[in-house]
């Protein structure tokens, strides 16, 4: 139960490179601007991510939520430069990441942890957990410290130190995801990117991992970028939420704003499509049913890319692409009619 | 809009699973995937079997259809009565007759359920003609009508599509069209929307609900999703580690769960309709079914468990005695009592 002054936290700061003083001003930990990734095929260009901008303050959590193919995982990979962006900027503690050399990027990566969806695929089955967790440490840690550090992070995620000698196949799905989190934490990152971290887990195990992430965020003052298709999970974990549709953010705001007062028709449709585990809601008649399917990102509609499924679409929507503009305080929405639409909040 | 309402459970029993015991050989030993499972599916209702991965719910569905893996799976005890006929004793020919025509199935992954090299219209035609002496053009017209019925736009043209040319939601609609082609009395849907995005899932569930209402068929829905159950099913059977732990009308079970596992799951779920806070959690993980705990299988994870739970498997009983919910727990009286 270490507070912000834990040894772990000191380690995080010692290697942070710059901005040693956490109270030194309003620079967000992560600032993404105009980020884009286009994939060219012979026939067309697929705009997987197309001008995504957001900031994430230190110690805060932001959820990126959307359906498959909306570009949320690609965004995470661009931030980590596991993919090279087509355009845009990613600043981490004020430092531009997109232009760093591979060697410089490797050093920065100790500050950027990632947890992937599938703990069966993401852990090397031939490695002991000690070596799995130590993978990211080798780059900069003295060999002698490694065992101590592995034991420390395993304990931090709720696994006894003796687990270090085991192999991934000896673990359950939930335990594996704890190991994946330990691996991400080992180098002492300040930003943890979680890409669908509980989607492969059973319901009874999900809660354990979600609680663990909440604890880590508070104890280590971690900043979390949480990527998920599951709006219920995001509501539980994230203070701010960005809704993505076909490569763009269509709405971003606090949890209360996005769930309590959605201003984009797509957000409202998503919220109403999630089945609440409450039989009494079945007949309340407030379900927004979307017609049609998600358009192909190879051939997106003109103007607003949501207009083909939107009950409120007008001529303007086909002609002009709506900008992501603020509605009220810090609640930008990309919809021409965001101010006027009668939309239903989450149940 | 047309989600089926709660229907009278006094309707005739179509499908009755009695004390079913199914074994599956795995690399690690033989597991009892279904252990003394009993349930009744009445006419014109949706019964959901809900549970986590590995609880045996899919093997239960395959047992009913006689589709267990031939070498490694077997029914060792119990009966599957369809309109009084015991399917566990039926010949392979008789089972083929029943499957598709009387009991149809929809799987999670429509791409594996459809032939990749055959146009979807032709697949439906073939399905119809395998069971009925219909002429090709008549069957073809029915196929197009069916595609229309499940909400596929431009069904005439879509009948000419190959499965890979359709989106996931469209493919699942084609599967539904095939499943209802012969107007089966029972539709078994195994995670029919799990592979779909949430807005498409809503559409497909709506279609299933509408069609089951139109055709007066019954649906046995196999799922891990308590949200889907709440929006779609009339009754629910909660499965844990090969056994049914609780069974009853959805509103009853959700409103007042009698089994600690059901109560724990419902409490631990992040909900779209709830204010965030710390999630109550269920400790541990489901047991290994090669060597399950001797008493109640949930005992090692249960805060109410006493000696009796660790030694004696609980009987399935009505609780309260005059209600419509059955539960297999020694301490059902204490669940939710604080």
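The values are calculated or read from the model by the stated rules, or taken from the named source; none is laboratory data. What you see is a predicted model, and the numbers here were worked out from it, not measured in a lab. As a convention, Cβ positions derive from the backbone with ideal geometry for all residues, glycine included, and neighbour counts pool all protein chains shown.
The residue that is farthest from the other protein chains (Cβ to nearest Cβ), among those in the stretch A:244-264 that are closer than 25 Å to residue A:46 by Cα and in contact with a helix residue (DSSP H, G or I) (Cβ under 6 Å, 6 or more places away or on another chain), is A:251.
Candidates in the stretch B:262-291 are the residues that are more than 8 Å from every other protein chain (Cβ to nearest Cβ) and under 23 Å from the mean Cα position of the chain (by Cα); of these, the one that is surrounded by the most Cβ atoms within 10 Å (Cβ to Cβ) is B:262. With respect to the stated conditions, residue B:147 is away from chain A (no Cβ under 14 Å), within 25 Å of residue B:213 (Cα to Cα) and more than 23 Å from the chain's Cα centre (by Cα). Taken over the stretch B:65-87, the residue count meeting the criterion of being farther than 20 Å from residue B:179 by Cβ, touching a residue at least 60 places away in the same chain (Cβ under 8 Å) and surrounded by 18 or more Cβ atoms within 10 Å (Cβ to Cβ) is 1. Looking only at residues of the stretch A:302-332 that are surrounded by 17 or more Cβ atoms within 10 Å (Cβ to Cβ) and in contact with a helix residue (DSSP H, G or I) (Cβ under 7 Å, 6 or more places away or on another chain), we find that the one that is farthest from residue A:246 (Cα to Cα) is A:331. Counting residues in the stretch A:207-221 that are on the phi > 0 side of the Ramachandran plot and more than 10 Å from chain B (Cβ to nearest Cβ) gives one or more.
Which of the residues belonging to the stretch B:88-117 are surrounded by fewer than 14 Cβ atoms within 10 Å (Cβ to Cβ) and in contact (Cβ under 8 Å) with a residue 40 or more places away in the chain? Within the stretch B:88-117, B:115, B:116, B:117 meet the criteria. In this entry, residue A:291 passes the filter for residues that are more than 27 Å from the chain's Cα centre (by Cα) and under 28 Å from residue B:271 (Cβ atoms).
If the condition is being closer than 21 Å to residue B:17 by Cβ, within 13 Å of chain A (Cβ to nearest Cβ) and surrounded by 22 or more Cβ atoms within 10 Å (Cβ to Cβ), then the stretch B:204-230 contributes B:221, B:223, B:229. With the structure loaded, tell me whether residue A:204 is within 14 Å of chain B (Cβ to nearest Cβ), without any contact (Cβ under 8 Å) to a residue 40 or more places away in the chain and touching a helix residue (DSSP H, G or I) at 6+ places or on another chain (Cβ under 7 Å) or whether it fails that test. In short, yes.
None of A:235, A:183 is crowded, with 24+ Cβ neighbours inside 10 Å and within 18 Å of residue A:156 (Cα to Cα) except A:183.
For every residue, the table says whether it meets (1) surrounded by fewer than 16 Cβ atoms within 10 Å (Cβ to Cβ); (2) modelled with pLDDT of 90 or more; (3) closer than 28 Å to residue B:284 by Cβ.
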{"residue": "A:119", "(1), (2), (3)": "no, no, yes"}
{"residue": "A:148", "(1), (2), (3)": "yes, yes, no"}
{"residue": "A:151", "(1), (2), (3)": "no, yes, yes"}
{"residue": "A:157", "(1), (2), (3)": "no, yes, yes"}
{"residue": "A:170", "(1), (2), (3)": "yes, yes, yes"}
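Scanning the stretch A:221-243 for residues that are touching a helix residue (DSSP H, G or I) at 6+ places or on another chain (Cβ under 6 Å) and more than 28 Å from residue A:264 (Cα to Cα) turns up just one, A:222.
Suppose the filter is at pLDDT 90 or above, crowded, with 22+ Cβ neighbours inside 10 Å and facing chain A (nearest Cβ under 9 Å); does residue B:233 pass it? Answer is yes for this residue. Test residue A:196 against the stated conditions and say whether it is at pLDDT 90 or above, surrounded by fewer than 22 Cβ atoms within 10 Å (Cβ to Cβ) and under 30 Å from residue B:239 (Cβ atoms). So residue A:196 fits the description; yes. Of the candidates A:305, A:267, the single residue that is more than 20 Å from the chain's Cα centre (by Cα), under 16 Å from residue B:199 (Cβ atoms) and more than 10 Å from every other protein chain (Cβ to nearest Cβ) is A:305. Considering the stretch A:274-288, and only residues there that are surrounded by fewer than 18 Cβ atoms within 10 Å (Cβ to Cβ) and either modelled with pLDDT of 75 or more or under 28 Å from the mean Cα position of the chain (by Cα) (or both), the residue that is nearest to the other protein chains (Cβ to nearest Cβ) turns out to be A:280. Residues of the stretch B:316-332 that are without any contact (Cβ under 8 Å) to a residue 40 or more places away in the chain, farther than 12 Å from residue B:256 by Cβ and over 23 Å from the mean Cα position of the chain (by Cα): B:321, B:322, B:330.
Tally up the residues in the stretch B:305-338 that are buried (at least 18 other Cβ atoms within 10 Å of the Cβ) and out of contact with any strand residue (DSSP E or B) (no Cβ under 9 Å at 6 or more places or on another chain), please. The total comes to 4.
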